[in-house]
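Peer 1: This is the structure I want to talk about, given as C-alpha cells.
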Amino acid sequence: MSNKGLFLQNVIAVIWDFDKTLSPHYMQKPLFEAYHVDEDAFWAEVRALPAYYRRAGIHVQPDTCYLGHLLSYVRHGRMPDLTNARLRELGADIEFFPGIPELFDRLSTILHKPQFQDGDLRLEHYVVSTGLVEIVRGSVIASRLDGIWASEFIETPAAPEGDLGAAPSPGPICQIAGFLDHTTKTRALFEINKGVNKHPQISVNDSISEEQRRVPFKNMIYIADGPSDIPSFSVVRKHGGLTCAVYAPESKAQFAQVTALLETGRVDMIGPADYREGSQTDMWLQLQVFRIAQRMMDERKRTTERSVGRGPSHLESSPLTS
C-alpha cells in the first residue's frame, strides 16, 4: 500500500448476488403478490419472449427482457400505477435466508478486534443483481449496504425541448433507466475496485494501477448461487479475490450445481444459504474476513518497515571500545 496512492486501501468488500443467494425467492415475488399476478405464468412468458421477438428479427437479452415485460404489465393495466416508490415499499416484504441481516453486523465486529484497532479497516457490503434497485432499497438490508447495482426505471421521461432544469414528475414507471445482466455485473465489480461509486469523478475506464485502486480484488469476497455468475466468479478469482457459491439447504439440484462449480475451479467454497451464527457459511465468511484483515495489517507493517530508514544509535560499551 502506497502512502501516495489515491486511496488507503483499507476496505474489505463483501459483494452479494441477491435472488437465491440472500433470498430464497426472486425479489419480484412481493410485486406479483401485490398485483395478483401469477408468478410462474409471468416467468414462463419471459422465457418465451426471445423466440417471440425473433420472429420479427429482433434480438432481446434473455437476462433482462423481463424488465420490458413488467412495463407491458403496467401499460396494459395489470400493474396500474406502479411507481418506484411502490417498488420500494414492496421491498419491505422480501424474505431472506436464515441469519440475514444479522450476519452483516456480525462480520463487521471482526474489525473491532484489538489487533485491527490501529488499521482503520472497514467492511463494506454491496449487492450486484439483475433485479430491481428500488426493491433492494426498500428491504431490511438496505441500511447495511454501501452500494447497489441493479436495474432501474424512469417514471416520467424528459419531453423534447422540455425543461431539463426541473425535477421529473412522479408517475408510473414507463422506461428502463439502466440494467445489469450476468455479463455486465463484472463492470460493477471494477467500479467497486476503482472506487467509482465513492468518487464520481473517477470513470471505470480510467487507467488506475492496482496498488492505487480503492478496493483491490484480493480484498473482495463474492457470493452468488450458480452458473449464471461464472463471469463474476472468474473476474474476482483471476485477480486474487475469494468466491463462494451457495445453495438452498434442501435442494439436491442446487447442491449438485454448486459442487460442479467447485470441482471445475470456479469457486473457492460452497455452502448452504444458511447464514446463522455457527453455520458452515457463517464460519467461512468470518474466517476469510479475519484473514484478509490480518493480511492487510501485515502488509501495512512491512510497507512501513521498508519505508523508514533506521537512524544511528549509540553502541553499548565493551572492554574492546572503552
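Just so you know, all these numbers are worked out from the coordinates, no wet-lab data involved. Nothing here was measured: the structure is a model prediction, and the numbers come from that model. Heads up, the Cβs are rebuilt from the backbone with ideal geometry, glycines too, and the neighbour counts pull from every protein chain shown.
Peer 1: So what are the ³J(HN,Hα) numbers for region 19-26, from phi and the Karplus equation (6.51, -1.76, 1.60; θ = phi - 60°), rounded to whole Hz, Gly and Pro as x?
Peer 2: Working through the residues one at a time gives 5, 6, 10, 8, 10, x, 10, 5 Hz.
Peer 1: What is the set of long-range amide H partners of GLN175 at a cut-off below 5 Å, with H atoms built 1.01 Å from backbone N?
Peer 2: ILE154
Peer 1: Can you put ASP120, ASP274, ASP225 in order of Cβ neighbours within 10 angstrom, beginning with the fewest?
Peer 2: ASP120, ASP274, ASP225
Peer 1: If you average the alpha carbon positions of region 64-140 and of region 179-247, how far apart do those two centres end up, in angstrom?
Peer 2: Result: 18 Å between the Cα centres.
Peer 1: While we're here: Which residue, HIS36, VAL11, VAL60, has the largest displacement toward the positive end of the dipole of region 10-63 when charges sit on each Cβ (Lys, Arg +1; Asp, Glu -1)?
Peer 2: VAL60
Peer 1: Using a cut-off of under 15 Å, list every residue of region 263-290 whose amide N is near the label point 7 Å from the Cα of ALA248 along the Cα-to-beta-carbon line.
Peer 2: Once the point is set 7 Å along Cα→Cβ of ALA248, 272-274 turn out to lie under 15 Å by backbone N, inside region 263-290.
Peer 1: Starting from the Cα-Cα distance between ALA85 and ALA44, subtract it from 0.36 nm times their residue separation and give me the gain in nm to one decimal.
Peer 2: Gain in length upon complete extension: 12.1 nm.
Peer 1: Compute the longest continuous run of the chain that contains no exposed trypsin sites (Lys or Arg not before Pro); treat a site as exposed when its DSSP state is not H, G, I, E or B and it has at most 10 other Cβ atoms within 10 Å.
Peer 2: No qualifying site falls inside 56-309, the longest such stretch.
Peer 1: To continue, here is another question. If R₀ is 51 angstrom, what is the calculated FRET efficiency for the pair GLU211 and HIS25, using the beta carbon separation as r and rounding to 0.05?
Peer 2: Efficiency, from the Cβ-Cβ distance: 0.80.
Peer 1: Of PRO80, PRO62, PRO114, which has the largest mean-square fluctuation in a 10 Å C-alpha GNM of the chain?
Peer 2: Highest fluctuation among the options: PRO114.
Peer 1: Starting from the amide H of GLY131, placed 1.01 Å from N in the peptide plane, find each other amide H under 5 Å away whose residue is 5 or more places distant or on another chain.
Peer 2: SER151
Peer 1: What number, rounded to the nearest 500 deg cm²/dmol, is the helix-based mean residue ellipticity at 222 nm of the chain, given -39500 (n - 2.57) per DSSP H run of at least four residues and division by all its residues?
Peer 2: -10500 deg cm²/dmol
Peer 1: Does a label point 7 Å from the Cα of HIS199, set along Cα-to-beta-carbon, have any residues of region 205-229 with amide nitrogen under 17 Å, and which are they?
Peer 2: Only 205-217 fall inside the zone, counting backbone N under 17 Å.
Peer 1: Could you grab the relative contact order for the chain? Cα pairs under 8 Å, six or more apart, rounded to a whole percent.
Peer 2: Dividing the mean separation by the residue count of the chain yields 22 percent.
Peer 1: Further, regarding this structure: For GLY147, what residues show an amide H to amide H distance below 5 Å, using hydrogens built from the backbone and excluding near sequence neighbours?
Peer 2: Close amide H contacts, sequence-distant or interchain: VAL127.
Peer 1: Still on this structure, please answer the following. For region 36-142, calculate the relative contact order in percent as a whole number, restricting contacts to Cα pairs under 8 Å that are 6 or more residues apart.
Peer 2: 30 percent
Peer 1: Moving on to the next point. Taking θ as phi - 60°, what are the ³J(HN,Hα) couplings along region 282-297 by the Karplus curve (6.51, -1.76, 1.60), each to the nearest whole Hz, with x for Gly and Pro?
Peer 2: Coupling constants for region 282-297: 4, 5, 5, 5, 4, 4, 5, 4, 4, 5, 5, 4, 5, 5, 4, 5 Hz.
Peer 1: For ARG302 and GLN257, FRET efficiency with R0 = 45 Å and r from the beta-carbon atoms, rounded to 0.05?
Peer 2: The value I calculate is 0.65.
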